[in-house]
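Throughout, read-outs are computed from the coordinates displayed, never taken from laboratory work. These numbers come from a predicted model, not from an experiment. No Cβ is skipped: glycine too gets one built from the backbone with ideal geometry, and neighbour counts run over all protein chains shown.
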Amino acid sequence: MKIIDGKQISVEIKKEIVEKINSDLNKGIREPHLAAIIVGEDGASKTYIDSIRRVCTEVGFLVSIYQHSPTVTEEELLSCIDFLNRDDEVDGYIIQMPLPKHISMEHVIAHVDPKKDVDCFHPINYGKLLLGEAAFLPATPYGTMELLKRSGIQVAGKHCVVLGRSNIVGKPLAMLLAEKSEQGNATVTICHSHTANLKEICASADVLLVAIGKPEMITAEYVKKGAVVIDIGIHRIPDSTTEKGYRICGDVKYDEVAPQCSAITPVPGGVGPMTMVCLLLNTMKAAQLNRKE
Ligand code: NDP
């Protein structure tokens, strides 16, 4: 059984990013610049933004954080987006979700310049993804595909079962796996909370990709012997036996499932670190595309 080391692969990608930035700097091309908009004090969002700041600094990106209070109006937020759309020094930006209830997510996303939409939330970019013409890919599905590629796992002709159909993970991941492309060409089944015979369908998968947001729900009986299991879920659950009082786990019961897989991603250290580096790759692409205009 092979453990797919997302942490190590993300380190390799970061090295490649640093090399590219240094080579561009030598040619007089400035560093990529990523901005992030955050509203409110949500703990998980702040942790994510902190890691964006840390990773950007580590690879040599410029990074700007626009922190707004939870009472910011939709108009104020849209004018911040306008400002970033106009700023030639910013290549791409993200807006950390969830937004407070008084702000329309649809209005906000529609306002983003698709050329700077490195989270791939804008309908134009999402549509291009479905057409196989994507400029950017949503970071988590992108990271998952990169992980498979760099681990030498081919999905072509295989039965991939994607558990979960969210707009940011399950649905785009299923599209990428099924895409007529070197990395795709899989036969894909998408499962969700209304799927009948879930266990049987999962147990028929050559590659099982799990994004359901249910800690350790996927046990050994969901997994065929020799299957590849990609666990996208991430949870912090209370555990009084650890020093911190919690432990991190995925949607898959790792200890039980791992022995019967041919390859599996751990949590933490699997898909998680790939999401961040793929956001960096999208920003580099945005910088390159915007320079060409
Ligand atoms: P969502 O809650 O948006 O979607 C969950 C999906 O799973 C839905 O399609 C839902 O079905 C389905 N589902 C829920 N319960 C069941 C069940 N019992 N049986 C079958 N299907 C079920 O979650 P996300 O897609 O945003 O995230 C999924 C997981 O991935 C989470 O643990 C999240 O923390 C993690 N994540 C990790 C990232 C990373 O970088 N590693 C990044 C983003 C997310 P239905 O549509 O019918 O409701």
**Item:** Above-threshold pairs, the threshold being 20 Å between Cα atoms, out of LYS115/LYS171; LYS14/LYS292; LYS180/LYS225; LYS2/LYS149
**Value:** LYS115/LYS171; LYS14/LYS292; LYS180/LYS225
**Prompt:** Can you list the residues, at least 5 places off or on another chain, whose amide H is less than 5 Å from the amide H of ILE37, using H built in the peptide plane?
**Reply:** TYR66, ILE94, ILE95, GLN96
**Message:** Only Cα pairs within less than 10 Å get springs; with that Gaussian network setup on the chain, which residue of VAL210, VAL55, VAL267 has the largest fluctuation?
**Reply:** VAL55
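Taking the beta-carbon count within 10 Å as an exposure proxy, list ILE201, ILE3 from fewest neighbours to most.
Lowest to highest Cβ neighbour count: ILE3, ILE201.
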**Message:** Place a point 7 Å from Cα of SER64 in the direction of its Cβ. Which residues in the range 13-48 have their backbone N less than 17 Å from it?
**Reply:** 30-39
**Prompt:** Taking the Cα atoms only, what angle lies between the long axis of helix 43-59 and the longest principal axis of the chain, rounded to 10 degrees?
**Reply:** 70 degrees
**Item:** Rounded to 5, the percent of DSSP beta bridges in the chain classed as antiparallel
**Value:** 10 percent
**Prompt:** What is the pair-distance distribution P(r) of the chain, computed from all Cα-Cα distances in 10 Å bins starting at 0, with each bin given as a whole percent?
**Reply:** 6, 27, 33, 24, 9, 1
**Prompt:** Relative contact order for the range 135-279 using alpha-carbon pairs under 8 Å, separation at least 6, rounded to a whole percent?
**Reply:** 24 percent
**Prompt:** With charges only on Cβ, +1 for K and R and -1 for D and E, what is the dipole size of the range 58-140 about its Cα centre, in debye, rounded to 20?
**Reply:** 260 debye
**Prompt:** What does the highest-first list of 174-180, 141-147 look like by mean Cβ count within 10 Å?
**Reply:** 141-147, 174-180
**Prompt:** Can you pick out the pairs among LYS128/LYS224; LYS253/LYS285; LYS7/LYS214; LYS101/LYS128 whose Cα atoms lie more than 32 Å from each other?
**Reply:** LYS128/LYS224; LYS253/LYS285
**Prompt:** What share of all Cα pairs of the range 139-272, in percent, falls into each consecutive 10 Å distance bin?
**Reply:** 13, 47, 32, 7, 1
**Item:** Crossing angle, helix 139-150 versus the chain [Cα axis fit, 0-90 degrees, rounded to tens]
**Value:** 60 degrees
**Prompt:** Rounded, prolate or oblate: which fits the range 28-113, taking a ≥ b ≥ c as square roots of the Cα gyration tensor eigenvalues, rounded meaning a/c under 1.5, else prolate when a/b beats b/c?
**Reply:** oblate
**Message:** Can you show me the helix-derived [θ] at 222 nm for the chain, built from DSSP H runs with n ≥ 4 at -39,500 (n - 2.57) apiece and divided by the number of residues, rounded to the nearest 500.
**Reply:** -12500 deg cm²/dmol
**Prompt:** If you take the charge dipole of the range 28-113 about its Cα centre, with +1 on Lys and Arg Cβ and -1 on Asp and Glu Cβ, which of HIS111, GLY43, SER64 is farthest toward its positive end?
**Reply:** GLY43
